[in-house]
Amino acid sequence: MKILIITDSLGLPRDFPEKLNYNETWVYLLSNHFEVHQLSFGGATIDVLFSQLGYLKLFNPDLVFIQSGIVDCTPRALSKFENKLINRFSILKWLFNKLLKKDILFKLRKYRNLKYTLPFIFSGYVNKFNAEFKNKLFWIEIIPPTDFYENKIPGIKKNVIYFNELISNVVGNNFVSTNDFSTDELMSDHIHLNTQGNFKLFERIKTIVVNHENHS
């Protein structure tokens with residue numbers, strides 16, 4: 001059974017805000033049971049992941065699991081273009097860091113509610129992935145934000161619900177639920193899964209794979 005896994009940073013080990021070793025990631029745990037090919041890119045929007053499809057489909061996977069969407073839908077103070085522009089010129093970067101304090105950025109994020117990927121564009125990429133892999137494709141739900149995370153980033157709950165609906169409308173029963181994950185299974189940033197969360201997701205994915213094997 002060959003499995004292709006495509007994720008943003010949620011499939012990777014990390015040092016911050018807590019330590020997660022590679023052998024504790026759900027991807028690694030799954031690789032102990034099946035042949036796994038992984039593409040994980042921290043901070044990647046869905047278009048970045050899709051840009052590698054030409055290579056990834058040549059793996060000829062039996063099943064594909066995608067974990068993507070939180071980067072795309074998170075409310076932002078600045079657009080992707082504005083961020084690129086600021087980071088390109090040192091004087092703009094200096095002015096930005098000098099003038100825009102955290103409280104101002106918080107207000108900008110709240111009232112501008114910009115997204116790196118517009119909903120209709122995101123849905124289009126989900127459809128493209130689904131058309132390529134069809135019934136082989138499973139999409140892992142964007143983890144529903146906690147109240148703490150909503151207070152930190154106003155509007156994130158609404159955005160996540162909407163983007164999850166976009167995904168579910170495309171993949172149907174191949175939507176892997178994460179709405180029962182608790183704060184005990186998240187890191188202190190309330191985004192990334194901790195060791196417990198990774199193990200729980202591994203068990204969920206393993207069950208799907210085994211059921212697929214038994215019915216194929």
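Pairs from the table (Lys134/Lys206; Lys57/Lys206; Lys84/Lys152; Lys84/Lys115; Lys57/Lys158; Lys128/Lys200) lying more than 26 angstrom apart at Cα are Lys57/Lys158; Lys128/Lys200. Exposed loop positions in the chain were taken to be trypsin sites (Lys or Arg not before Pro) whose DSSP state is not H, G, I, E or B and which have at most 16 other beta-carbon atoms within 10 angstrom. Between these positions, the longest stretch is 102-216. Gyration tensor analysis over the Cα atoms of the chain returns equivalent ellipsoid semi-axes of 31, 19, 17 Å (largest first, whole Å). Close amide H pairs (under 5 Å, H built 1.01 Å from N) link Phe138 with Val64, Phe65, Ile66, residues at least 5 positions away or on another chain. Among Thr178, Thr183, the order by Cβ neighbours within 10 angstrom, fewest to most, reads Thr183, Thr178. Using the Cβ-Cβ distance between Tyr162 and Gln52 with R0 set to 35 Å, the FRET efficiency works out to roughly 0.85.
For the stretch 37-94, chymotrypsin sites (Phe, Trp or Tyr not before Pro) meeting the loop criterion (DSSP other than H, G, I, E, B) and having at most 15 other Cβ atoms within 10 Å: Phe89.
Look at the dipole of the chain built from charges on Cβ: of His33, Asn60, Ile143, the Cα furthest out on the positive end belongs to Ile143. Taking the Cα atoms only, what angle lies between the long axis of helix 90-99 and the longest principal axis of the chain, rounded to 10 degrees? Tilt of helix 90-99: around 70 degrees. Taken one residue at a time, the phi angles of the stretch 46-62 give Karplus couplings (6.51, -1.76, 1.60, θ = phi - 60°) of 5, 5, 5, 5, 5, 4, 9, 4, x, 7, 5, 5, 6, 5, 6, x, 7 Hz. Gly and Pro are set to x. Under the criterion of Cα pairs below 8 Å and six or more residues apart, the relative contact order for the stretch 156-206 equals 18 percent.
Each Cα pair under 8 Å and six or more residues apart adds its sequence gap; the mean of these over the residue count of the chain is a relative contact order of 24 percent. Residue by residue, the stretch 192-201 carries 3J(HN,Hα) couplings of 8, 6, 7, 4, 4, x, 5, 5, 5, 5 Hz when phi is fed to the Karplus relation 6.51 cos²θ - 1.76 cosθ + 1.60 (θ = phi - 60°); x denotes Gly or Pro. Of the residues Val171, Val27, the one with the fewest other Cβ atoms within 10 Å heads the list, and the complete ranking is Val171, Val27. For Asn60 and Ser216, the difference between the fully extended length at 0.36 nm per residue and the C-alpha to C-alpha distance is 54.5 nm. Rounded to the nearest 20 debye, the dipole magnitude of the chain is 1140 debye, with +1 charges on Lys and Arg beta carbons, -1 on Asp and Glu beta carbons, and the Cα centre as origin.
Read the figures in this text as sums done on the coordinates, not as results from a lab. Note that this is a predicted model, so its numbers are computed, not measured. Neighbour counts are summed over all protein chains in view; Cβ atoms, including those assigned to glycine, are modelled from backbone coordinates with ideal geometry.
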